[in-house]
Amino acid sequence: MARFELKLPKMGESVAEATITNWLKQVGDKIEADEAVLEIATDKVDSEVPSEVSGVLVEQLFGKDDLVQVGQTIAIIETEGDSQVLAPSQEVAPVEVEVIEKSVASVKESVAAPVNFAESEKFLSPLVKNIAKEEGVSLAELESILGTGKEGRVTKNDILEYVQNRGNQSLVNSGKSVESPKVIESVTPISQTAAPVSISGGDEMIEMDRMRKLISGYMVASIQTSAHVQSFIEVDVTNIVKWREKHKVSFEKREGEKLTYTPIFMEAVAKALKDFPGMNISVEGDYIIKKKNINLGMAAALPNGNLIVPVIRNADQLNLVGMAKAVNDLGNRAKMGKLKPDDTQGGTYTVTNVGTFGSVFGTPIINQPQVGILALGAIRKMPAVIETPEGDFIGIRQKMFLSHSYDHRVVDGALGGSFVKRVAEYLEAFDVNRDV
């Protein structure tokens, strides 16, 4: 008999950890090769971890809701035969729980009253919660810590450093390193106590699922971070509608892909971003980061009603066929829950199609740390004034609204308005005789 170490696999260059959400196999269960053993969740994507071997699960090294680092051993599987245990592909130091507990205990020995972490709008790992409980860190204090983790999440090091410097907040605020947690002192924390809700006998109370809680936290954090401003513009897309109707059947027969409006819009956005690189940036403290690549986020609805934003990388380098294939691939995998964690990372600008649900226009919330997001409204037949050499007349045209939300901290109206106008110009200039 041999013992195989099942490790948390690498899920993408930007993904370093995941939370265990459910064990599909229990100790004593038989496992076939490639059979899923447990379910995990990163910040944005849920996925399964399969076994590389057949055998019996003899040990679970982590429990539900535990945070695990990529490369850590999460389970032991006993296999038949004399095969050797596979060597770890990546040595990752285990989480030093005892060291952490001793460090925390040395700072403060008293235990504060329990804190209701469910009221928090941030994603807090079990380890951070435990440290907060031990140290009597209130929910308001936790909310005030600007984490250095992904999406501003509070990490183990953030809360330990906060506890260590608790008596001297100025030390925290004076740190120059991005690894140091920063505490907001000049702004009064927003009260986390929600207004009381009256519940009658016929009402039903349903707890948000994990992803909805994360989305809720991201949306609130974005509003609190960016100064949102919107610009709207109406676009005549009659040529695009005619062209698509002419080519959609032959395109699907030749490419095996449906031709929707989305790749056409994405192509125009990518071109406009090349013209206005000031929209293809992110903000880090007092610094503006100009992005080298144009990676377009594409907001997509999941079967359970939640939202996810897969990313089309180097979108400006794709022709229309390549863009259509990328859009369809990401959209289909999103619907089936088959996206990988890396599929949602690295976006530099986001597009959302509110017209899918019949909305004429919308005011989308920026996907941090980006500085802009474009909402595509529904295409409708509208009466319009048409100018000709013989004079003006009223005709029926296909029109839609583009709604551009941008971060007024770094994007002024001139840039924000010029960008969305350029997208409109590319769409209205679409060549109806274009080959595909």
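Taken together, the values in this text are just the output of simple stated rules run on the coordinates, not laboratory data. Since we're looking at a predicted model, the values are computed, not measured. Heads up, the Cβs are rebuilt from the backbone with ideal geometry, glycines too, and the neighbour counts pull from every protein chain shown.
Some observations on this one:
- Electrostatic tally near K325: other residues with Cβ closer than 10 Å to its Cβ, Lys and Arg +1, Asp and Glu -1, net -3.
- Cross-link pairs beyond the 32 Å C-alpha cut-off, checked among K246/K292; K325/K421; K213/K248; K133/K338; K7/K213; K290/K381: K246/K292; K213/K248; K133/K338; K290/K381
- Label separation (N332 vs R212): 3.0 nm, computed from points 7 Å beyond Cα along the C-beta direction.
- Distance between the modelled labels on A414 and D392, one decimal in nanometres: 3.0 nm (7 Å Cα→Cβ projection).
- Counted residue by residue at 0.36 nm each, then reduced by the alpha carbon distance between them, the extension gain from N22 to V249 reaches 77.3 nm.
- Cα gyration tensor shape of the stretch 227-428, rounded if a/c is under 1.5, else prolate or oblate by comparing a/b with b/c: oblate
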